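To start, the structure itself, in structure tokens.
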Amino acid sequence: MEQRTDTGILPTIRALLRSARPRQWTKSLAVFLPLFFSVNEAWTLDNLQTALELGARAIGAAVVFCLVSGAIYLINDLADRERDRAHPTKRNRPIASGVISPHLAAISAVILALAGLASAFALDPQLGIVIVIYILVQAAYSARLKNVALLDVFSVASGFVLRVLAGAVVIGVPISPWLYICAGLGSLFIALAKRRSELARAGDTAGDQRGILHTYTVGMLDQMIGVVATSAVVSYALYTFTADNLPGNHAMTLTLPFVLYGVFRYIYLVHTRDIAESPEEILIGDAPMILAIILWLATGATILLLYR
């Protein structure tokens, strides 16, 4: 029997915020990739007004994804509350622990989803369409795809690609197909690493915590991670060489070592610290990974500013 332990408005708001996964909002940083790669094309440092306007639109798109993804997390927690109670850490989630009632969770999810949709269409109709597609994919994931081997991780990975697409349409810039390929492979790599970590940590209770884990083995996931990681690095290398909108002197190749290090570091952490179950912990909590990202951004920005 579910027991609700709400003691007031503020504790309930804090519990709802926890259920919306603030740390997961780091995924929405993918929205800013098109803005970053369009420097000296769609905007320049000499025209700060345009830069600020496009930046504001990108921020708006990121906020929209935070609202909608918060709704999705609430719905997923609502559907998975029984399984979450069998998980060593997920059992403490507000819905699984009874801090938030299913009724309140459902109402909050609807409000967040509607607010995100309305904001998306108000900001840009094309952004609204991307958000509708995102919601439909996530709904399909929650209803069925999360229980279908391989399609579960592809569904998760699609969210990153749609964020990149949203970042492009909201500022009105064309993006090289290579960027979408790199984003898709990178997010698929993270999704597979997450499944591996879940499976390795759960052991014999894997099926009780997440039914799809029964269909995977650690060895199988390691092979898939190796294939996808290699494909992601090669795709990024080809992107730096062949993309029409990058400097013709191929200087962007200088950013490749940071990408390669980031992939290797992620695999290292998956195998030595078993923290890939929460990718945000790696992206915002691991100092070497953060440094690699900062150096990649700084090097890429310098090259684009100097040679484009």
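Some points to look at:
- All of Ala143, Ala96 fail the test of being modelled with pLDDT under 95, open to solvent by 60 Å² or more (accessible area, probe 1.4 Å), farther than 19 Å from Ala168 by Cβ and of a type in the set (Gly, Ala, Ser), apart from Ala143.
- Leading residue by the ranking (nearest to the chain's Cα centre (by Cα)) among those in region 219-276 that are farther than 22 Å from Ile303 by Cβ and open to solvent by less than 20 Å² (accessible area, probe 1.4 Å): Ala276
- Filtering region 5-42 to residues that are over 22 Å from Ile59 (Cα atoms), in contact (Cβ under 8 Å) with a residue 12 or more places away in the chain and open to solvent by 30 Å² or more (accessible area, probe 1.4 Å) leaves Thr5, Asp6, Pro11, Leu16.
- When Leu238, Leu304 are screened for being farther than 17 Å from Glu198 by Cβ and in contact with a strand residue (DSSP E or B) (Cβ under 6 Å, 6 or more places away or on another chain), only Leu304 passes.
- When Leu67 is tested against (1) surrounded by fewer than 20 Cβ atoms within 10 Å (Cβ to Cβ); (2) modelled with pLDDT of 90 or more, just one condition goes unmet, and that condition is (1).
- Restricting attention to region 92-141, the residues that are touching an Asp or Glu at 6+ places or on another chain (Cβ under 6 Å) and in a helix (DSSP H, G or I) total 2.
- Meets criteria (out of contact with any Gly (no Cβ under 7 Å at 6 or more places or on another chain), more than 30 Å from Ile293 (Cα to Cα) and either open to solvent by 20 Å² or more (accessible area, probe 1.4 Å) or part of a helix (DSSP H, G or I) (or both)) for Ala56: no
The values are calculated or read from the model by the stated rules, or taken from the named source; none is laboratory data. Everything numeric here is computed off the predicted structure, so don't read it as measured data. Neighbour counts run over all protein chains shown; Cβ positions are idealised from the backbone, glycine included. Note: areas computed on protein heavy atoms with side chains; ligands, DNA, RNA excluded. Shrake-Rupley method; radii C 1.70, N 1.55, O 1.52, S 1.80 Å.
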